[in-house]
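K.L.:
Next up is a structure, given as structure tokens.
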Amino acid sequence: MFDRFSAYQPQALSALRIMAALLFIEHGTQKFFNFPPAEQPFGDLMNLIGAAGLLEVVGGLLILVGLFTRPVAFVLCGFMAVAYFMAHAPQSFFPINNRGDAAVLFCFVFLYLTTAGPGAFALDNRR
């Protein structure tokens, strides 16, 4: 029965890419525009937080529309790994305790997009 779902694999991959991008962009807009409002605003963005916000917004938008998906996903995968080990891992070994579970999940979603490509609905398919 589940073999029939294989026909929809490109569309499902696009749904994963689009939803991951929308959630990822949200992290950047929170840093730059305080939207959605953060518990503690980020303040000065002329540091690593600003670079992270830029990667989240620009990289997220490129992933959203499916443009340069594989190289952008590769960069974002590495960015999420570094973010996890710099910001989350020192607080606790367990991702649920150090609030790094989203960083780990984003890292592996971007790793998958690096290997699988953008899916059905992407600007990469028009190039």
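The values are calculated or read from the model by the stated rules, or taken from the named source; none is laboratory data. A quick note: this is a predicted structure, and the numbers were derived from the prediction, not measured. Cβ: placed from backbone, ideal geometry, glycine included. Neighbour counts: every protein chain shown.
K.L.:
Tally the residues that are aliphatic (A, V, I, L, M) and either under 15 Å from ALA21 (Cβ atoms) or surrounded by fewer than 14 Cβ atoms within 10 Å (Cβ to Cβ) (or both), restricting the search to segment 85-110.
P.N.:
Matching residues across segment 85-110 total 5.
K.L.:
Considering segment 98-127 alone, what residues qualify as being touching a residue at least 12 places away in the same chain (Cβ under 8 Å) and of a type in the set (Asp, Glu)?
P.N.:
ASP124
K.L.:
Could you please find all residues in segment 84-127 being farther than 27 Å from SER6 by Cα, among the small types (Gly, Ala, Ser), at pLDDT 95 or above and part of a helix (DSSP H, G or I)?
P.N.:
ALA102, ALA103
K.L.:
Could you check segment 1-35 and list, in sequence order, the residues that are small (Gly, Ala, Ser), modelled with pLDDT of 95 or more and surrounded by 16 or more Cβ atoms within 10 Å (Cβ to Cβ)?
P.N.:
Within segment 1-35, SER14, ALA20, ALA21 meet the criteria.
K.L.:
Quick one: count up the residues across segment 1-50 that are within 21 Å of ALA87 (Cα to Cα) and among the charged types (D, E, K, R).
P.N.:
Residues flagged as within 21 Å of ALA87 (Cα to Cα) and among the charged types (D, E, K, R) within segment 1-50 amount to 4.
K.L.:
Then there is this: If VAL58 satisfies every condition in (1) surrounded by fewer than 15 Cβ atoms within 10 Å (Cβ to Cβ); (2) touching a Ser or Thr at 6+ places or on another chain (Cβ under 8 Å); (3) aliphatic (A, V, I, L, M) but one, which is the exception?
P.N.:
(2)
K.L.:
May I pose another question? Looking for whichever is surrounded by 15 or more Cβ atoms within 10 Å (Cβ to Cβ) and on the phi < 0 side of the Ramachandran plot here; the options are VAL72, VAL82. Which one fits?
P.N.:
Among VAL72, VAL82, only VAL72 is surrounded by 15 or more Cβ atoms within 10 Å (Cβ to Cβ) and on the phi < 0 side of the Ramachandran plot.
K.L.:
Filter segment 36-55 for residues that are surrounded by fewer than 19 Cβ atoms within 10 Å (Cβ to Cβ) and of a type in the set (A, V, I, L, M, F, W, C) and give the result.
P.N.:
ALA38, PHE42, LEU45, MET46, LEU48, ILE49, ALA51, LEU54
K.L.:
Have a look at LEU54, LEU67, LEU45 and point out the one that is closer than 21 Å to CYS107 by Cα and outside any helix (DSSP H, G or I).
P.N.:
LEU67
K.L.:
Name the residues in segment 1-45 that are of a type in the set (Ser, Thr, Tyr) and free of Cβ contacts under 8 Å to residues at least 60 places away in the same chain, would you?
P.N.:
SER6, TYR8, THR29
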